[in-house]
């Protein structure tokens with residue numbers, strides 16, 4: 001019998017060793033490839049990323065940065081530049097931990113789809129089916145008294161119930177409450193003021209319960225506006241799974257993917273790897289609440305609470321690129337990943353709020369189920385393939401996945417004001433580092449290029465070939481809103497151009513008209529924010545024809561409508 005026990009023990013040890021070897025053989029290696037050329041990169045051009053980040057550190061823009069680039073399932077670049085601390089005394093390491101802010105949202109969105117695939121959650125179901133406190137939620141409509149100019153809020157019922165998919169798409173009507181409209185003020189008072197509930201010592205259930213008492217800023221399904229909807233998704237996960245959000249994410253995502261440094265706070269043993277916040281220490285809520293990650297929290301914010309490393313998030317992104325599988329572990333089906341990274345917005349959707357400058361037709365991007373998706377190469381602000389998807393964090397973090405190029409890129413920095421300028425530069429440098437094989441010099445004797453009339457006709461409506469300009473003049477595609485481009489000159493907001501065939505142009509608004517009010521506020525001296533241009537309208541002082549008079553009347557009525565509902 002003892003001999004049998006020894007034999008079984010030996011077999012167990014052998015089996016464990018074999019499993020360990022197999023795991024090691026398929027483990028994702030974050031060590032950069034010895035020769036990036038094997039992955040299609042020019043080594044000398046990749047060093048431009050390091051040099052650019054160093055100039056930002058030297059200029060004091062941010063204290064340090066970590067960038068990671070993978071292609072064809074292997075890491076081509078992983079570099080840390082600068083310092084971990086604001087005093088610039090501790091060199092930054094590649095395993096540094098960052099607060100990733102809204103890069104939490106894609107993680108929460110994937111967790112939601114895990115429950116959808118298991119048949120436990122229905123995206124088409126009303127949110128109130130899982131969270132009954134939302135059953136009576138109304139929609140706020142801001143009105144203005146024509147005689148006194150005083151604004152007030154009236155409430156109307158939802159035209160249709162807010163559904164779970166609305167939470168994923170940011171079409172639920174929820175906002176963050178950081179603007180100047182009356183409904184923003186309501187959110188701010190209930191969430192962020194001294195008596196508000198959006199604090200790290202309050203639970204997600206308590207915060208979402210308070211959110212349910214607030215009106216929606218828009219009718220569900222009608223407007224894309226960035227807000228607390230993914231925090232509500234986190235609470236839906238808790239109710240459906242029966243687990244706190246942190247435990248669900250750890251068991252279903254972080255542990256299977258090997259994301260060992262990702263969570264809702266940084267344990268004491270790892271604090272020496274946490275990058276300092278910027279000098280202003282995340283000015284204002286919700287950032288100032290969620291950015292405090294040095295101690296445990298009760299508030300598991302699915303919208304912005306996670307910390308992570310470049311290597312951890314690279315694993316998450318590689319799973320997405322692989323169609324839901326990573327290192328032999330399947331998180332989601334490839335069909336679900338395609339669904340999440342394909343346009344999910346209905347036609348005619350309007351875009352509003354401070355984040356609308358990066359999503360919408362004028363940005364060449366749309367929204368899937370948790371991700372911004374590059375949809376129009378002609379209008380995109382950044383290089384990349386159509387179908388690539390991405391998102392960012394208010395802390396400066398950013399990632400994108402390009403399935404066509406089999407590319408994953410993650411950048412981690414801590415800077416106030418978001419990652420916008422750094423996104424564009426990083427993307428330009430990354431695609432600029434692609435190694436292009438020598439194609440030789442074209443043979444001039446091959447003949448001149450000929451383009452027939454049919455080929456030119458394919459571009460109809462996209463380019464105006466009759467333009468006298470030396471540059472192509474692209475036409476604006478259709479999108480929800482009034483259709484007006486504006487600019488500030490000498491403290492006065494002027495109409496730069498009404499978009500052809502859009503409501504502004506049809507109503508008679510002309511180039512040079514002056515906008516006196518924006519969202520009910522005088523415009524003199526203000527700086528317009530992204531997303532405001534669709535909500536602006538010109539008060540026309542010199543209407544001479546009946547058409548222009550009608551346009552001015554329409555402008556006055558439009559200006560009295562609530563924010564984001566032109």
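The values are calculated or read from the model by the stated rules, or taken from the named source; none is laboratory data. Keep in mind the model is a prediction, meaning the values are calculated, not measured. We place every Cβ from the backbone using ideal geometry, glycine too, and count neighbours over all the protein chains shown.
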Q. Do we have residue 112 as under 23 Å from residue 220 (Cβ atoms), in contact with a strand residue (DSSP E or B) (Cβ under 8 Å, 6 or more places away or on another chain) and surrounded by 22 or more Cβ atoms within 10 Å (Cβ to Cβ) here?
A. no
Q | Which numbered condition residue 79 misses (of (1) touching a residue at least 60 places away in the same chain (Cβ under 8 Å); (2) surrounded by fewer than 22 Cβ atoms within 10 Å (Cβ to Cβ); (3) assigned to a strand (DSSP E or B)) | A | (1)
Q | Out of 230, 236, 240, 208, sole residue that is surrounded by fewer than 21 Cβ atoms within 10 Å (Cβ to Cβ) and either part of a helix (DSSP H, G or I) or modelled with pLDDT of 95 or more (or both) | A | 240
Q) Of all residues in the range 333-387, how many are surrounded by fewer than 18 Cβ atoms within 10 Å (Cβ to Cβ), modelled with pLDDT of 95 or more and within 16 Å of the chain's Cα centre (by Cα)? A) 3
Q) If you scan the range 361-389, which residues turn out to be out of contact with any strand residue (DSSP E or B) (no Cβ under 8 Å at 6 or more places or on another chain) and within 16 Å of residue 404 (Cβ to Cβ)? A) 377, 383
Q: Residues being touching a strand residue (DSSP E or B) at 6+ places or on another chain (Cβ under 7 Å), surrounded by 21 or more Cβ atoms within 10 Å (Cβ to Cβ), over 23 Å from residue 149 (Cβ atoms) and modelled with pLDDT of 65 or more: count how many of those fall in the range 500-536.
A: 1
Q: Test residue 157 against the stated conditions and say whether it is more than 26 Å from residue 317 (Cβ to Cβ), surrounded by fewer than 23 Cβ atoms within 10 Å (Cβ to Cβ), in contact with a helix residue (DSSP H, G or I) (Cβ under 9 Å, 6 or more places away or on another chain) and without any contact (Cβ under 8 Å) to a residue 40 or more places away in the chain.
A: no
Q) If you check every pair at least six apart or on different chains, which have Cβ atoms under 8 Å apart with a residue in the range 39-66 that is on the phi > 0 side of the Ramachandran plot and assigned to a loop (DSSP other than H, G, I, E, B) first and a residue that is surrounded by fewer than 17 Cβ atoms within 10 Å (Cβ to Cβ) and at pLDDT 95 or above second? A) 40/72; 40/434
**Q.** Any hit, the range 24-36, residues being in a helix (DSSP H, G or I), surrounded by 10 or more Cβ atoms within 10 Å (Cβ to Cβ) and modelled with pLDDT of 50 or more
**A.** yes
Q.
If I filter the range 163-198 down to residues being buried (at least 20 other Cβ atoms within 10 Å of the Cβ), touching a helix residue (DSSP H, G or I) at 6+ places or on another chain (Cβ under 9 Å) and not in a loop (DSSP other than H, G, I, E, B), which single residue comes out as modelled with the lowest pLDDT?
A. 191
Q | Given (1) out of contact with any strand residue (DSSP E or B) (no Cβ under 9 Å at 6 or more places or on another chain); (2) free of Cβ contacts under 8 Å to residues at least 24 places away in the same chain, number of the condition residue 250 does not satisfy | A | (1)
Q) Any chance the range 94-102 includes a residue that's surrounded by fewer than 19 Cβ atoms within 10 Å (Cβ to Cβ) and under 28 Å from residue 289 (Cα atoms)? A) yes
**Q.** Residue match in the range 104-118 (condition: more than 30 Å from residue 339 (Cβ to Cβ) and in contact with a helix residue (DSSP H, G or I) (Cβ under 8 Å, 6 or more places away or on another chain))
**A.** no
Q) Which pairs do you get when a residue that is at positive phi and without any contact (Cβ under 8 Å) to a residue 60 or more places away in the chain, found in the range 323-350, comes within reach of a residue that is assigned to a loop (DSSP other than H, G, I, E, B) and surrounded by 15 or more Cβ atoms within 10 Å (Cβ to Cβ), reach meaning Cβ atoms under 8 angstrom, with the pair 6+ apart or on two chains? A) 324/331; 324/332
Q | Among the candidates 119, 136, residue that is over 23 Å from the mean Cα position of the chain (by Cα), free of Cβ contacts under 8 Å to residues at least 60 places away in the same chain and either on the phi > 0 side of the Ramachandran plot or crowded, with 19+ Cβ neighbours inside 10 Å (or both) | A | 119
Q: Could you tell me whether residue 310 is within 28 Å of residue 173 (Cα to Cα) and surrounded by 20 or more Cβ atoms within 10 Å (Cβ to Cβ)?
A: no
